[in-house]
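Undergrad: So that we are looking at the same thing, I have put the structure below in structure tokens.
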Amino acid sequence: MGYTDPELTAAMFDADGWYRTGDVGVVDSDGYLAITDRVSDVIIRGGENISAQEIEEQLMGLDSVAEVCVVAAPDERLGERAAAIIRLREGKAAPSLGDLREHLAAVGLARQKWPESLHQVQEFPRTPSGKVQKFKLRQLLRDGQL
């Protein structure tokens, strides 16, 4: 059991043979597991893994975008979908979701990777070292606060 590369197998399986999925969850008092977050920066849309970083890199090509984070938002049918959260450059107008999609089409990003929602923030939640806390952005989306 495992990968053909022993180092990858060692990294992905624990000592008891459990596969590290990267999912974060909690077990309730009745013993049910609820997946609440993900360690990796991948959006799983209808079974397809989508790199948030790939989308972010393309969206940084928009003149009005100072900073962007793409995170997984819940989707009833597909499980997850991409949500773009942007911080604007000073004095620039916010792009619409249509503007984002036009840009992504022009750079050749596959349509299934396009964000399905767009949100704007003044600042991103950050760690003391300055790294964006994507888990907080995902929680704000789930709570309807973005």
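Undergrad: Only one residue in ARG111, ARG101, ARG87 is under 25 Å from GLY144 (Cβ atoms), out of contact with any strand residue (DSSP E or B) (no Cβ under 8 Å at 6 or more places or on another chain) and modelled with pLDDT of 95 or more, so which one is that?
TA: The match here is ARG101.
Undergrad: Residue check: is LEU109 closer than 15 Å to GLU54 by Cα and either part of a helix (DSSP H, G or I) or out of contact with any Leu (no Cβ under 7 Å at 6 or more places or on another chain) (or both)?
TA: Yes, satisfied.
Undergrad: Scan segment 111-133 for residues that are under 17 Å from LEU59 (Cα atoms) and surrounded by 11 or more Cβ atoms within 10 Å (Cβ to Cβ) and jot them down.
TA: GLN112, LYS113, TRP114, PRO115, GLU116, SER117, LEU118, HIS119, GLN120, VAL121, PHE124, VAL132
Undergrad: Of all residues in segment 53-82, which are part of a strand (DSSP E or B) and hydrophobic (A, V, I, L, M, F, W, C)?
TA: Answer for segment 53-82, where residues must be part of a strand (DSSP E or B) and hydrophobic (A, V, I, L, M, F, W, C): VAL65, ALA66, VAL68, CYS69, VAL70, VAL71, ALA72, ALA73, ALA82.
Undergrad: Would you check if there is a residue in segment 62-73 being closer than 30 Å to LYS92 by Cβ, surrounded by 13 or more Cβ atoms within 10 Å (Cβ to Cβ), modelled with pLDDT under 90 and touching a helix residue (DSSP H, G or I) at 6+ places or on another chain (Cβ under 6 Å)?
TA: no
Undergrad: Here's another thing I want to ask about it. Specify which of the listed residues (THR9, THR21) is of a type in the set (Ser, Thr, Tyr) and in a helix (DSSP H, G or I).
TA: Matching residue, one of THR9, THR21: THR9.
Undergrad: Name the residues in segment 41-84 that are in contact with a His (Cβ under 8 Å, 6 or more places away or on another chain) and farther than 17 Å from VAL132 by Cα, would you?
TA: Of everything in segment 41-84, those that are in contact with a His (Cβ under 8 Å, 6 or more places away or on another chain) and farther than 17 Å from VAL132 by Cα turn out to be GLN58, GLY61, LEU62.
Undergrad: Being among the acidic types (Asp, Glu) and touching a strand residue (DSSP E or B) at 6+ places or on another chain (Cβ under 9 Å) narrows it down to one of GLU7, GLU67, so name that one.
TA: The unique qualifying residue is GLU67.
Undergrad: Next up: Can you list residue pairs whose Cβ atoms sit under 6 Å apart, with the first residue in segment 127-146 being assigned to a helix (DSSP H, G or I) and the second being at pLDDT below 90 and not hydrophobic (A, V, I, L, M, F, W, C)? Count only pairs 6 or more apart in sequence or on different chains.
TA: Listed pairs, sorted by first residue: PHE135/ASP37.
Undergrad: Identify the single condition in (1) more than 26 Å from ASP143 (Cβ to Cβ); (2) part of a helix (DSSP H, G or I) that LYS92 does not satisfy, given that it satisfies every other one.
TA: (2)
The values are calculated or read from the model by the stated rules, or taken from the named source; none is laboratory data. Here the structure is a predicted model, which is why all the values come from computation and not from measurement. Heads up, the Cβs are rebuilt from the backbone with ideal geometry, glycines too, and the neighbour counts pull from every protein chain shown.
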